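Reviewing the structure listed below.
The values are calculated or read from the model by the stated rules, or taken from the named source; none is laboratory data. Not measured: the values here are computed from a predicted model. Please note: Cβ atoms are built from the backbone with ideal geometry, for glycine as well, and neighbour counts cover all protein chains shown.
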Amino acid sequence: MKFEGSISAVVTGGASGLGAATAKALSEKGVRVALFDLNKEAGEAHAKAIGGQFHSVDVSDPKSVAEGLSIARASHGQERILVNCAGIAPAAKTISRGAPHDPTVFSQTVNVNLVGSFNAATQSAAGMATLEPLTSNERGVIINTASVAAFDGQIGQIAYAASKGGIVGMTLPMARDLSASGIRVMGIAPGIFKTPMVAGLPTEIQDALGAQVPFPSRLGEPNEFAALVIHICENSMLNGEVIRLDGAIRMPPK
C-alpha cells in the first residue's frame, strides 16, 4: 500500500505507548488518523499533537467500536488501515495462596486483548471491503498486536498469554478469509518495550530487563514498533504472518 491520496487509519490504544507511536508515524506519512482509547485526557492531547482525532472507545464492546468507527468515518472516510494496540496485562497465577485465578480478571483480559482486536478488525474489514482497490489491488490492511508472551508466557501471565496466543491463532484464518477482498492481516509480537508501564519502573529494573535481550541489549522503543507497522503497510507481500519484534529474546519462566 502506497501512502498516496486520502488514506485513513484507526489506531486502538492510540493514547499512549505503542499505539501513540504508531499514530504519530502514520500521521507523518500523511495519513488521517483516528485514535481509539479510554484515556480521554491523554488521547485528546496526542490527537491534537499529531493532527488526528480522538474517540473514547471500549474495544471490548462491539457497540462502542461501531459508534467510534461511524464517527471517525464521518470525518476521515472509510479507513484503509487498522492497527490494534489496545490491551491490558494483569498478573496472576493459576493458583495463588491456594485460591484459583480470578475468572473475572481472566475474562476481562481476553475480552479487551483478543475479543477487542476481533471486534475492531471484523467491523473495520466490513467497511474496507466496500472500497475500490488501490493501485496495488488491495483495499486495506489490519495489524494486530500480539506479544512474545503468546509463545513464551511467563509465570503469572496465564490470562495475558492466552489472549495474545489467540491473536496469533486468528491471524492466518482471518487473512485467508479476507484475501478475496484484497485485505491483508498481520500481527506483531513485541518483546520488552519501553511502554508507559515499563518506563515507570526504577532505572535499575529497566536496565535489568533490557539486559535480557540478546541484541540489541536494551528495551525496544515504541518508534521501532511503529516503523514495522509502516513497513507492513507498504509491503503488500506481508500477509497472514506474526512477526516477532524482540531482539531475539526468549522469555524465561519468570
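Listed conditions (1) surrounded by 16 or more Cβ atoms within 10 Å (Cβ to Cβ); (2) closer than 21 Å to residue 221 by Cα; (3) out of contact with any helix residue (DSSP H, G or I) (no Cβ under 7 Å at 6 or more places or on another chain) are all met by residue 39, apart from (2). So how many residues does segment 127-166 have that are in a helix (DSSP H, G or I), touching a Gly at 6+ places or on another chain (Cβ under 6 Å) and closer than 23 Å to residue 220 by Cβ? Looking only at that region, the number is 2. Got at least one residue in segment 132-151 being of a type in the set (S, T, N, Q) and within 20 Å of residue 247 (Cβ to Cβ)? Among the residues of segment 132-151, at least one is of a type in the set (S, T, N, Q) and within 20 Å of residue 247 (Cβ to Cβ), which makes the answer yes.
Here the condition is being at pLDDT 95 or above and in contact with a strand residue (DSSP E or B) (Cβ under 8 Å, 6 or more places away or on another chain); of 66, 91, 42, 86, it holds for 86 alone. Can you tell me which residue in segment 123-159 is farthest from the chain's Cα centre (by Cα), limited to those that are more than 13 Å from residue 80 (Cβ to Cβ) and of a type in the set (Val, Ile, Thr)? Applying the filter and picking the extreme gives 155. For segment 195-209, the condition of being closer than 27 Å to residue 106 by Cβ, β-branched (Val, Ile, Thr) and outside any loop (DSSP other than H, G, I, E, B) holds for at least one residue.
Residues that are among the acidic types (Asp, Glu) and surrounded by 15 or more Cβ atoms within 10 Å (Cβ to Cβ) occur at least once in segment 219-226.
The requirement of being assigned to a helix (DSSP H, G or I) and either small (Gly, Ala, Ser) or within 23 Å of residue 186 (Cβ to Cβ) (or both) is satisfied by residue 223. Restricted to strands (runs of 3 or more DSSP E) entirely inside segment 9-92, those with at least 2 residues that are farther than 19 Å from residue 139 by Cα and in contact (Cβ under 8 Å) with a residue 12 or more places away in the chain are 32-37, 53-56. The residue list 117, 124, 136, 179 contains one member that is in contact (Cβ under 8 Å) with a residue 24 or more places away in the chain, in contact with an Asp or Glu (Cβ under 7 Å, 6 or more places away or on another chain) and of a type in the set (Ser, Thr, Tyr), which is 124.
When segment 196-217 is filtered for residues that are under 20 Å from residue 153 (Cα atoms) and either charged (D, E, K, R) or surrounded by 22 or more Cβ atoms within 10 Å (Cβ to Cβ) (or both), nothing remains. Would segment 229-249 turn up any residue that is exposed (fewer than 13 other Cβ atoms within 10 Å of the Cβ), touching a Gly at 6+ places or on another chain (Cβ under 7 Å) and farther than 18 Å from residue 85 by Cα? No, segment 229-249 contains no residue that is exposed (fewer than 13 other Cβ atoms within 10 Å of the Cβ), touching a Gly at 6+ places or on another chain (Cβ under 7 Å) and farther than 18 Å from residue 85 by Cα.
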